[in-house]
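Participant: Quick one: the structure is below, and I'll ask about it shortly.
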Amino acid sequence: MIKDVGGQTHPTIARRDGSLFWCRVLKNTVVEAYLNLEHYSDLARQASVLQVLYKKYKSHISPLKDLPEEYLVALLKFQYYLEQGVKGPQGQLRVCVIASPPIREYYERAIPASDTTPAIAKLDTSTQTLTWLLRTIWEDGKEVQLLELSNVVDELERFLQCDARARNQISSYVAGVIGDLSVLAECQRQLSRFQPWANNFIDAGIENDRFKAIKKDFVERHELVRKLLEALTDTEAMALVDKAKPGNQPLAYPFEKRRTRENVEKLQYAEANLDRIWAEVDRIVRDKAGNLKGTALWRLLSQDRTNRRTPDSVEPAATSESAGPETTKAEAPLKPFSPVNFVLWSETTEHEPVKAKTKIKTRGTPTSTAMSSDSTTANEASSLETDAAPACPQPVVTVNTRAAKVFRMLFFNPGAAFTPGEVAWTDFLHAMSTMGFRAEKLYGSVWHFLPTWDSIERSIQFHAPHPGGKLAFHTARRIRRSLFRAYGWDGPMFVAE
């Protein structure tokens, strides 16, 4: 939080031992996660629909003709959703840049506290250029309209690559927001290059029946935004503070240490407390937001998925000496992904929870190219959204020593006789290249990994560590889960040469 001109902290932190501050932190974290899930899932679904419609009408598309009405409406809808989507990262930058640790020292808060921009101190040339570019993006004024958002984001990326001081003034959170914004800006750029029809998108999207229908659809589909904001009030979110506020609970999670009885108890306690926190969040959303059937949140949490939890420790003496150390491992208990019975959220009690579709191939997920008919609808395209792991066991893959070290760290086995550490990002890029991926840096901290083998169809994105060049162990664990859900990768499948 930015201190005021007298050097005092914000009254929200001091009030009620900081409980109000942590209440708002938790509320914003949950709402931001829910809304990002909702909006990006919707954009992904629409992109799949556009692929299907392009195949359907590609023989009828000609520069001398107007686009088919169904395809035009889908493009205009995607364009409108992108315009609304960029407002989210722009708002996040408006709030988080000035308050980020590398930048806040240049600002001070006026007295009394207000929502206006804090007073700015003297800036060096590098910081002044950086803040001007960021402010141009989040204010979304005439400069962005004239220059085009994607060009401003490009210039920001170029400046960060050329100026080390400015690059170090971007926190990891801000870099992630810039990356999200850049993806949306690039989608807008691609739409604007869809010539010659893009020149008429503005005229086609003016206030007419077509535009009103698109706007109405957006409002209806994003009713979740209003419901969540009304559900997670300060009063409701305060119930989470005692369970999640740092210092209130011993939340140590020594996953990297050997499974002694003491460490197992700490892991189980932290996992149980995390389950209680999300159970309370789910209860609040269920009771206050009402029926969320058809939303991305509903589809995600009602899938047939489970959370793996730490099993009880097993004493070596309780096993046969000839059985070896592996027999001391207990089976990890499986818990439902969400304790909420989402059947109760639907309008009827006959609806069954959504099941993840079974994958056809060993690796990757089916893309829109695997659909059998040009008449595929939006509902069929939306059914592609699944991140369940493949059911088939993965084959053993022989990799070089450098890549094997990376995968051994990503898929760390706590029973192994080595201590986990950081993973150099360059080593991770090498390991992904070994597995048949081409790495492409996008914007901010985002890297796109595109498969080059026919056996892998699905691409994936990860955020590079910032400002350092190494993946922390907890970040490597998140990458591990993403790789498992996307491709079914696990530790035993990687063998060193």
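The values are calculated or read from the model by the stated rules, or taken from the named source; none is laboratory data. Everything numeric here is computed off the predicted structure, so don't read it as measured data. In this analysis, Cβ positions are derived from the backbone assuming ideal geometry, glycine residues included, and neighbour counts consider all displayed protein chains.
Participant: Quick one: which residue in L181, L224, L229 is modelled with pLDDT of 90 or more and either under 22 Å from the mean Cα position of the chain (by Cα) or assigned to a helix (DSSP H, G or I) (or both)?
Facilitator: L181
Participant: Across the range 28-62, which residue is surrounded by the most Cβ atoms within 10 Å (Cβ to Cβ) among those that are touching a helix residue (DSSP H, G or I) at 6+ places or on another chain (Cβ under 7 Å) and among the charged types (D, E, K, R)?
Facilitator: Selected residue: E38.
The rows are residues; the columns are (1) in contact (Cβ under 8 Å) with a residue 24 or more places away in the chain; (2) assigned to a helix (DSSP H, G or I); (3) among the polar types (S, T, N, Q).
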position	(1), (2), (3)
E32	yes, yes, no
S48	yes, yes, yes
K55	yes, yes, no
H60	no, no, no
L67	yes, no, no
L76	yes, yes, no
G88	yes, yes, no
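Participant: Can you name the residue in the range 448-489 that is in a helix (DSSP H, G or I) and hydrophobic (A, V, I, L, M, F, W, C) and, of all such residues, is nearest to the chain's Cα centre (by Cα)?
Facilitator: The extreme case among them is I479.
Participant: So which residues in the range 21-73 are in contact with a Ser or Thr (Cβ under 6 Å, 6 or more places away or on another chain) and closer than 22 Å to R210 by Cα, if there are any at all?
Facilitator: Once the filter is applied, which keeps residues that are in contact with a Ser or Thr (Cβ under 6 Å, 6 or more places away or on another chain) and closer than 22 Å to R210 by Cα, the range 21-73 yields R45, S48, Q51, V52.
Participant: Can you find, within the range 479-493, the residue that is farthest from V446 (Cα to Cα) among those that are of a type in the set (A, V, I, L, M, F, W, C) and in contact with a Leu (Cβ under 9 Å, 6 or more places away or on another chain)?
Facilitator: Among residues in the range 479-493 that are of a type in the set (A, V, I, L, M, F, W, C) and in contact with a Leu (Cβ under 9 Å, 6 or more places away or on another chain), the one farthest from V446 (Cα to Cα) is W489.
Participant: Still on this structure: Can you tell me how many residues within the range 159-178 are at pLDDT 90 or above and among the charged types (D, E, K, R)?
Facilitator: 0
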